[in-house]
Amino acid sequence: MKRLLSGWPFGIIVFWLCSIAAVSLFDMHANQIHLDRILAKPDAHAWLGHDELGRDILVRILEGGRITFWVTLVVTAITSVTGTSLGLISGYFGNRVDRVLMQLTEVFMAFPGMLLAIAFAAVLGPGIGNLILALCLTSWVGYARLSRVQTLALRSRQHVMAASALGASGFRIVLIHILPLILAPLLIESTYSIASLIIAEASLSFLGLGIQAPHASWGAMMREAVRYMLVAPHYVLAVGISLMSLVLAINRLGDKLRDYWDIKYGSS
């Protein structure tokens, strides 16, 4: 575990979390306009320069990261609980319940997740609340399929059959004897889901369907930065590298968690 938490992915994630916490604790004016510094290059006062309205890009990036963090946290909490619950019910009880729930997941899987999110966001309209709802409607499928497969593999285990023979209810068996054993793969799934949600939120905001001005958003900042890419390349580079570093670190952390638990379970 010490080696797992000492690599660069964990360090980058901790850095972003501390930076986002600093924005929340200290009064940083992400929307403060300086007309005399429009598209100014990085200097000692603004390490990443200024945007098209003279706002500090670094402060805007940190504020956008804070909003992205809360959106991702809320969506992950809702979709992980919903998807896992549906998968546990489908995998344990089977029969008609399993067929109905799996047909529902297949309907959602028939369309690309990003395309569905765009469709839902377009119908619901822009805004943080509608953005969260649109992402929740499309992000639960992975948890449902994973928990169902794991439950199917575990429901024939001896301890599960013994609990059933002793008269334990289906809810108690699922909650106590199955769920703890599938938390590790679900945690790994959540890391990849978080990275995907960050990209999805930025993509929807880039298209104008997500977080709206004056709130900061990496996607909206990227949309504006592309317009000034030739005259202010520092703008698009700052936003792009920020987004790439966080998503890459989360995906790499998920890979390390997967390898760690494979080794741990393989040696037990």
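Below, the figures for the structure above:
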item: Accessible surface of the range 28-85, 1.4 Å probe, proportion on carbon and sulfur as whole %; result: 66 percent
item: For the range 121-204, accessible area per residue (1.4 Å probe, heavy atoms of protein chains only), Å²; result: 46 Å²
item: Residue (of N130, G83, I182) at the positive-pole extreme of the chain, dipole from beta-carbon charges; result: I182
item: Y192 accessible area, assembled protein chains, probe 1.4 Å, Å²; result: 60 Å²
item: Solvent-accessible surface (1.4 angstrom probe) belonging to I176, in square angstrom, nearest 10; result: 80 Å²
item: Axial C-alpha extent at least 15 Å, average Kyte-Doolittle at least 0.0 - helices from the chain (DSSP); result: 8-25, 57-93, 95-109, 113-124, 128-138, 141-154, 183-206, 233-266
item: For the range 1-87, size of Cβ-based charge dipole, Lys and Arg +1, Asp and Glu -1, in debye; result: 440 debye
item: Positive-pole candidate from G113, L230, L17, dipole of the chain, charges at beta carbon; result: G113
item: The range 100-185 shape via C-alpha gyration tensor axes, a/c threshold 1.5; result: prolate
item: Within the chain: Cβ-based charge dipole about Cα centre, in debye rounded to nearest 20 (Lys, Arg +1; Asp, Glu -1); result: 920 debye
item: Where D56, D262 fall by accessible area, highest first, once all protein chains stay in place (1.4 Å); result: D262, D56
item: In Å², nearest 10: area of L124 left accessible to a 1.4 Å probe; result: 70 Å²
item: Size of electric dipole in the range 91-204: Cβ of Lys, Arg +1 and of Asp, Glu -1, about Cα centre, debye, nearest 20; result: 440 debye
item: Carbon/sulfur fraction of accessible area - the range 125-268, other protein chains in place, 1.4 Å, %; result: 66 percent
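The values are calculated or read from the model by the stated rules, or taken from the named source; none is laboratory data. Bear in mind the structure is a predicted one, so any value in this text is a computation, not a measurement. Counting neighbours? That spans all protein chains shown, and the Cβs are built from the backbone with ideal geometry, glycine included. With ligands, DNA and RNA removed, areas are computed over all heavy atoms of the protein, side chains included. Shrake-Rupley method; radii C 1.70, N 1.55, O 1.52, S 1.80 Å.
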